[in-house]
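What follows is a short report on a single structure.
Laboratory data are not the source of any read-out in this text; all were calculated from the coordinates shown. Everything quoted here is computed from the prediction, not taken from an experiment. Positions of Cβ are backbone-derived with ideal geometry, glycine not excepted, and every protein chain shown enters the neighbour counts.
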Amino acid sequence: MKKINYKSTTSLLTLFALLLVFIPGSSIAAETDSANVSKNSNILMIEGKIKRFNSDSQTVLLQLKTGEKLSILIDWNTALVGYASPSEIEKGNKVKIWHSTGNNTTTAIKIEKKLMVGC
């Protein structure tokens, strides 16, 4: 029978355990750096009524409560709540839109359809 070398087995298991501990820890550190970048971006929320949706350019013209109109771009990253797809957005819908501004464009991050309450 072979004699088991306990020192080499123990050191090998210790090395393996250290790898399991440090490899996931380094990926978590990388994720927190990217999370800080998104926290630093300026995200605003507005409410209003849809005046027009252009499916070709994927833009929404929103009329705010103050009467001001704002054109907002919808891209593939835009989250939709209350809509299955952007094609369901209709004139007259009341919505909340979280958006970011940059490069002379206002891009929607999230569009939430407000519930219509009535009798």
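Summary of values
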item: Exposure proxy ranking, count of Cβ atoms within 10 Å, fewest first, for VAL81, VAL60, VAL95; result: VAL81, VAL95, VAL60
item: Residues in the stretch 97-117 reached by a label modelled at LYS65 [backbone nitrogen below 19 Å; 7 Å Cα→Cβ]; result: 97-99, 111-117
item: Positive minus negative residues near LYS94 (Lys, Arg vs Asp, Glu; Cβ under 13 Å); result: +4
item: Hz values of 3J(HN,Hα) by residue in the stretch 69-76 - Karplus curve (6.51, -1.76, 1.60), Gly and Pro given as x; result: 10, 9, 8, 10, 8, 9, 10, 5
item: THR106 long-range amide H proximity, modeled H, under 5 Å; result: LEU73
item: Fewest-first ranking of LEU115, LEU62, LEU70, using other Cβ atoms within 10 Å as the exposure measure; result: LEU115, LEU70, LEU62
